[in-house]
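**Q** Structure provided below as C-alpha cells; questions to follow.
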Amino acid sequence: MVRPTRQRERERDHTSEGETEEKEGEGQSCPECDSENLVTSGDSNEVVCEDCGLVIEEQAIDRGPEWRAFNHSERQNKSRVGAPTTQTMHDKGLTTQIDWKDKDAYGRSISSKKRSQMHRLRKWQERIRTKDAGERNLQFALSEIDRMASALGVPRSVREVSSVIYRRALKEDLIRGRSIEGVATSCLYAGCRQEGIPRSLEEVSEVSRVERKEIGRTYRYVAKELSLEMEPVDPKEYVPRFSSELGVSEEVKMQANEIIDVTAEKGLLSGKSPTGYAAAAIYAASLLCNEKKTQREVAEVAQVTEVTIRNRYQEQIEAMGIH
C-alpha cells in the first residue's frame, strides 16, 4: 500500500496565514502522525496536517456559489436566492408572484393589449394559489392573524408560532363548527403566551371581530386538544408596559415588582387576573412613592374595572403589612 505523498508540503510553506483556517469537525486526526492540528486551505480544496504537511483530502467539493463578490452590494446583486419560507402564508411563500407594475424587463411601459393580458394573468394567478376550501380557509385565517398581530404590535416570532398552532388546529379538524376568526384569534393569543409577550384577552378582543367570551372558550378548547403547555402569566410582565403608558418613574416600577413578588409568595396571586394584579401593584407603588395616580387612570390603561383595582390593592397592602 502506497502512503499519500508530501507533494504539497513545499507549497504549503509558501501559503500565507490568512489562507488557512481550522478545519470544522473535531475528532479527525492525521493518519501519518496522529496529530489533530488539521487546516483547510483558503480555497477549501485541501485538508492538510499542520505538523507533518500530509495532504489528507484534496479536490473537495466546493459547495459555495460559482461567482465571486468583494463587497456587500456585489454579494446582494449576484445572490439568486429568494425570501425564506414562512408559516404565515398558506403556501409558505413558495408560489410565484406577477408584479403589479406594468413594465417590461427594461423598465418601459407595456402596451394596452399586454396590460390587459397581464391583468387577466394576475387574476388567474390569485385564483389558482388556493386549490381547495382548506387552503382558502388557511389563507383567510393567516391573513387575519397577520392583521391582528400588526394591530397589537407583536414581533414576527409570535406570528410564526400562531400560524403553526392554527395549521395544527386545521389538521386536527378543530375548526369544524367554529368561526375561522374565533380560532385564528385564540391561536394568536396562544402564540403571545407561548412567546412570553403579555397581551390580555381584552386587548386581543379589541383588534378581533370576535367577542372576548368566545375567544376565551375557543382558546381553552384549542389548548386542551393540542396539548399546549401554557405557564400562568406572570403579572410582572405587564408592569413595564403599564408603567410606561402611565408615565411613572423607575422607582414605582421597581416597587410594583417587589409588591408582586412578596404578595405572590403568600399565595395572593392564585386565581387572580394577572392584569388586575399588576395594575393594583402599580397603583399601590405610586402611592408609596408619592407619584399618586388615580384608580381610574390605572384602570383605563390595564383595561380592568376600578373595583378590581380596589380589591387587589386592599389585599396587597394587608399582606405587605402597610397601613
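What follows is calculated from the coordinates using simple rules that are stated; it is not laboratory data. Given the structure is predicted, the values throughout are model-derived calculations rather than measurements. Note that each Cβ is placed from the backbone with ideal geometry, even for glycine, and that neighbours are counted across all protein chains shown.
**Q** Please report the relative contact order for the stretch 133-225, taking Cα pairs under 8 Å with a sequence separation of at least 6, and give it as a percent rounded to a whole number. Don't jump to the answer; show the numbers that get you there.
**A** On the way: 95 pairs, mean separation 28.8, N = 93.
Rounded, it is 31 percent for the stretch 133-225.
**Q** With r as the distance between the Cβ atoms of S143 and R108 and R0 = 30 Å, compute the FRET efficiency 1/(1 + (r/R0)^6) and round to 0.05.
**A** Working: r = 34 Å, r/R0 = 1.13.
So the FRET efficiency works out to roughly 0.35.
**Q** Could I ask something else about it? If each residue's Cβ is checked for other Cβ atoms within 10 Å, how do K224, K253 rank with the fewest at the top?
**A** Details: K224 9, K253 21.
The most exposed by this proxy come first: K224, K253.
**Q** Still on this structure: At most 15 other Cβ atoms within 10 Å and a DSSP loop assignment: could you name the chymotrypsin sites (Phe, Trp or Tyr not before Pro) in the stretch 159-224 that fit? Intermediate values should be presented prior to the final figure.
**A** Values: sites: Y166, Y189, Y219, Y221; in loops: none.
For chymotrypsin sites (Phe, Trp or Tyr not before Pro) across the stretch 159-224 that sit outside H, G, I, E and B with at most 15 neighbouring Cβ atoms in 10 Å, the list is empty.
**Q** Based on the alpha carbon coordinates of the chain, what radius of gyration and maximum Cα-Cα distance (Dmax) apply, in Å?
**A** Rg, Dmax (Cα atoms, Å): 30.5, 92.
**Q** Test of understanding: what is the full-extension gain from E57 to S73, defined as 0.36 nm times their sequence separation minus their Cα-Cα distance?
**A** On the way: separation 16, 0.36 × 16 = 5.76 nm, distance 3.39 nm.
Net length gain for the segment: 2.4 nm.
**Q** Report the residue, chosen from T218, T185, T263, that carries the largest GNM mean-square fluctuation when the chain is represented by alpha-carbon nodes joined by springs under 10 Å.
**A** Greatest mean-square fluctuation among the candidates belongs to T263.
**Q** What is the calculated FRET efficiency for A133 to T95, with r their C-beta to C-beta distance and R₀ = 25 Å, to the nearest 0.05?
**A** FRET efficiency, A133 to T95: 0.90.
**Q** At a Förster distance of 22 Å, what's the computed FRET efficiency of E291 paired with E206, Cβ-Cβ distance as r, to 0.05? Walk me through the intermediate numbers first.
**A** Working: r = 28 Å, r/R0 = 1.26.
Computed FRET efficiency for E291 and E206: 0.20.
**Q** Rank by packing, highest mean first: peptides 121-128, 305-312, 274-281, with packing defined as the count of other Cβ atoms within 10 Å averaged across residues.
**A** Working: 121-128: 11.1, 305-312: 16.9, 274-281: 27.5.
Ranking the peptides 121-128, 305-312, 274-281 by packing returns 274-281, 305-312, 121-128.
**Q** State, as an integer percentage, the relative contact order of the stretch 235-320 based on alpha-carbon contacts under 8 Å between residues 6 or more apart.
**A** Details: 101 pairs, mean separation 29.5, N = 86.
Rounded, it is 34 percent for the stretch 235-320.
**Q** Anything over 22 Å Cα to Cα? Flag those among K103/K123; K103/K131; K236/K266; K236/K272; K213/K266, in the order listed. Provide the component values of the computation, followed by the final result.
**A** Values: K103/K123 17 Å; K103/K131 29 Å; K236/K266 16 Å; K236/K272 13 Å; K213/K266 30 Å.
Beyond 22 Å between Cα atoms: K103/K131; K213/K266.
**Q** Let me ask you something else. Stretch E172-T86 to full length: gain in nm at 0.36 nm per residue minus the Cα-Cα span?
**A** On the way: separation 86, 0.36 × 86 = 30.96 nm, distance 2.08 nm.
Extra length from E172 to T86 when fully extended: 28.9 nm.
**Q** Relative to the present Cα-Cα distance, how much length would full extension add between D234 and Y221 at 0.36 nm per residue of separation?
**A** On the way: separation 13, 0.36 × 13 = 4.68 nm, distance 2.20 nm.
So the extension gain works out to 2.5 nm.
**Q** If I model a spin label as a point 7 Å beyond the Cα along the Cα-Cβ vector, how far apart are those points for H119 and A319 in nm?
**A** 6.5 nm
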